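Have a look at the structure below, then the notes.
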Amino acid sequence: MTHNIHAKAVGQRGLLQKIGNLIPGFSGYQKREEWREVDQIQRDWCHERLRAAKEKVKRSLNDVIAGGDLDGITPYEKLMSRLDAVANKIKNADRGWSGMFDTIKVEEDQLQKVYEFDLSLAEGASEVEAKINSLNGADKATALGLVRECVNLVDSLEDYFQRREDIMRKG
């Protein structure tokens, strides 16, 4: 996914950017800036997947409540809270590359690791979304089991994302 987005970004370069490629050092700067944009796009995509998943959980919870079953509310609420927290953490994370005057510098080898993490995050967000989609039409016991599995998946996704943040800080 990362390489496809990057190829599209490169293909959409304007005339000024193409001229800038002739200036020594500019193309490296431009390449890092493109990767930074790709990083943001990919994290926005993950954020949207997790937010959409939260809405599906909310609809499932409303069905549970409408059925008069108030005993199973807590796991659903916990899942929605975790989805919201992790989605926002991913969306608001530092971008992949640091500019010339940024306090924290991110080197090119760190970037590669960060983008590998971002790709895995996208896969993890898709896995969470697929698991939540299976809530639709599930009986009470199955649904509660799925909700608990989803909480664990989201927790794992957050732990994985924290390792990405560690790479950004430490290398």
Practice prompt. For LYS56, go through the aspartates and glutamates and keep the ones whose alpha-carbon is under 17 Å away, minus same-chain ones fewer than eight residues off.
Written response: GLU48, GLU77, ASP84, GLU127, GLU129, ASP139, GLU149
Discussion item. Per residue of region 112-123, what does 6.51 cos²θ - 1.76 cosθ + 1.60 with θ = phi - 60° give for ³J(HN,Hα)? Whole Hz please, x for Gly and Pro, Karplus curve as stated.
Written reply: 4, 5, 4, 5, 5, 5, 4, 5, 5, 4, 4, 5
Worksheet item: R0 = 35 Å: FRET efficiency of LYS91 with SER134, Cβ-based, nearest 0.05?
Response: 0.90
Fill in: Cβ-Cβ FRET estimate between GLU123 and ARG59, R0 fixed at 30 Å, reported to 0.05
0.80
Discussion item. If packing is taken as the average count of other Cβ atoms within 10 Å, what order do 147-154, 160-167, 110-117 fall into, highest mean first?
Written reply: 147-154, 110-117, 160-167
Item to complete: Place the peptides 61-72, 118-129 in order of packing, highest mean first, counting for every residue the other Cβ atoms within 10 Å and averaging per peptide.
Response: 118-129, 61-72
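Laboratory data are not the source of any read-out in this text; all were calculated from the coordinates shown. The model shown is predicted, which means the values in this text are computed figures rather than measured ones. Cβ: placed from backbone, ideal geometry, glycine included. Neighbour counts: every protein chain shown.
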